[in-house]
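What follows is one structure encoded as structure tokens, with my remarks underneath.
Every read-out reported here was derived from the displayed coordinates using simple, explicitly stated rules and does not represent laboratory data. Being a predicted model, the structure only gives us computed values, none of them experimental. Here Cβ is always computed from backbone atoms with ideal geometry, including for glycine, and neighbour counts include all displayed protein chains.
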Amino acid sequence: MDCRCKDSTSACGSSFSAKCGLDPASLYDCSESGSDPLLASKCETGLCLIEEGADACQPPKPTTCQCKDSLDVCGKVYNETCQLDPDTLYTCAGIGSDPAPGPKCDQGCLMHSGDTADECIKDSCLCTESGRICGSAMPSNCSFTFNAIYDCTGGRGSRPVLQKLCLPGSTCLGHTDGPSCGGETCDCKGDQTVCSDQFLDSCGLQKNTVYQCAPSGKPVLLQTCGVNKECVSVSDGATCASKDCKCPADGTLCGEIFPLSCQLNATSLYTCAKGGDPVFEKTCLPGHCIASAASMAAVAVFDVSVADQCLRNCVCSNTGFMCGATFPPECNKGKDVLYVCYQVGSIPIESERCTDGVCSVNPGDDNCGTIASTPNCYCNDTITICGSKIDPSCSTLLKADIDPKATYICIVKTDEPASLRANAGDMCIDLCACKAANTSSAFAETAAPIADRLQPHLATCKAIRCTAARKERFPTKVRIVYQAFAQVTNALTNVLARLQANR
């Protein structure tokens, strides 16, 4: 249910869902998209007209039964004493002429104010063209989810089909080549990996490409997806997914791991056999379906199955900072409040109330207002980090190029920039949270990054060791142990998910 304004305009109460409790015969002011509608006036005639652009109250009925101009007019414009059919469209030859009966309107006659002719009502909730659209692009009275992507590939006149709910922290963006869930700025602070379509077209990024967010807010190009792949954004990052729409792994996969062109529902779970077609299992509505870029990276290295799962509504579907306005209305989050999520499935915690009333939705972490800051290039701990966690602009200050794929040892110094020493033989891979590969390690051990709000240049990892980057260099016995461990972990995850669902 969407009870917020979609545009800066005047809107009839009837243009919102009946569950919003607004008076259908009143006109409301909308200051901006996402604002709460404020009562402007109650229509004296008891009827508010939904118009293209700004809505308006119906003007008083004419005192005569003659035409007031040469525009087509609905019979219900006149008093009952005129004995005109209210659902018939009448033709007017000019001022003072008698209305001539025209077509009977099967779905009713739509009245307009000003110099616009009345017309028969069309189903405004159908697709006007083939492709995909944001729910916010449809009329408010259609009750489509505001922050979601709908499929109109059935063409003009087909019914829009929900394809993807945008996760909290993102909003539905309209692009020339189709909508996506992303941010309203070119700012990409944080350490997330994101697809180029999560940015506005005006940001000028390379199409179908994975970018790395950075403390400076300037995205860094990581990988361009090939012609047979499409950049796909999931809860914990971005990945290049095959356009063949075949299952990339065995197990239960969330529809959002597939490109939108596959026309699968991103909020549903599918049963998969690697290389086969995904088979619908169940929908996660009204919650989200959570896929993981990390699990897809693990599949590329190990022969393990995937166990994506549904997540209930209003809990954290990803990590980081996100504006309250990006949560579904039923979550009752403050639209001018910034929330933080530390782990998937947890309750969002209020981080900051935006004093200027503006919470900025970005491709990376959201923030209050527009924050322009330079990256901090000082160490805050003695740690091993990936070059991808260090802002590229620090290379000038450090007088050394930063290799995003290399691991570095950070040596703490209090009065000068971080001193970094490359770890010989270690390279960063997608499997691990810190992306460090230790070929001499006999086991895999990972840890989640710890974000430092004051020094965001270091999304640090406590000293960890990760598996070898190449599958063939990983000992067979260790792989078997890892697979067994992964299977047990998946089983425990499924048990916990069932317990949560039954609570």
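So what's the net charge close to Cys203: Lys and Arg +1, Asp and Glu -1, counting the other residues with Cβ under 12 Å from its Cβ? The answer is -2.
3J(HN,Hα) couplings calculated from phi for the range 123-139 with the Karplus curve 6.51 cos²θ - 1.76 cosθ + 1.60 (θ = phi - 60°) are, in sequence order, 6, 6, 9, 9, 5, 9, 7, 7, x, 10, 9, 7, x, 5, 7, 8, x Hz; Gly and Pro show x. Quick one: grab the alpha carbon gyration tensor of the range 132-311, order the square roots of its eigenvalues as a ≥ b ≥ c, and give me rounded if a/c is under 1.5, else prolate or oblate depending on whether a/b is larger than b/c. Cα axes put the range 132-311 in the oblate bin. Relative to the globular-protein estimate of 2.2 N^0.38 Å, the Cα radius of gyration of the range 205-267 stands at 1.20.
Length gained on full extension, Leu222 to Asp123: 31.1 nm, using 0.36 nm per residue less the C-alpha separation. Distance between the 7 Å Cα→Cβ label points at Gln66 and Thr116: 2.8 nm.
Across the range 173-183, computed HN-Hα scalar couplings (Karplus, 6.51 cos²θ - 1.76 cosθ + 1.60, θ = phi - 60°) run 10, x, 10, 5, 10, x, x, 8, 9, x, x Hz from first to last residue, x flagging Gly and Pro. In terms of overall dimensions, the range 63-125 has a Cα radius of gyration and Dmax of 11.1, 37 angstrom. With N as its number of residues, the range 38-163 has a Cα radius of gyration that, divided by 2.2 N^0.38 Å, comes to 1.27. Close amide H partners of Cys368, meaning residues 5 or more places away or on another chain with modelled amide H under 5 Å apart, are Ser360. Note on Val358/Val279: beta-carbon distance plugged into 1/(1 + (r/R0)^6) with R0 of 56 Å gives a FRET efficiency of 0.80.
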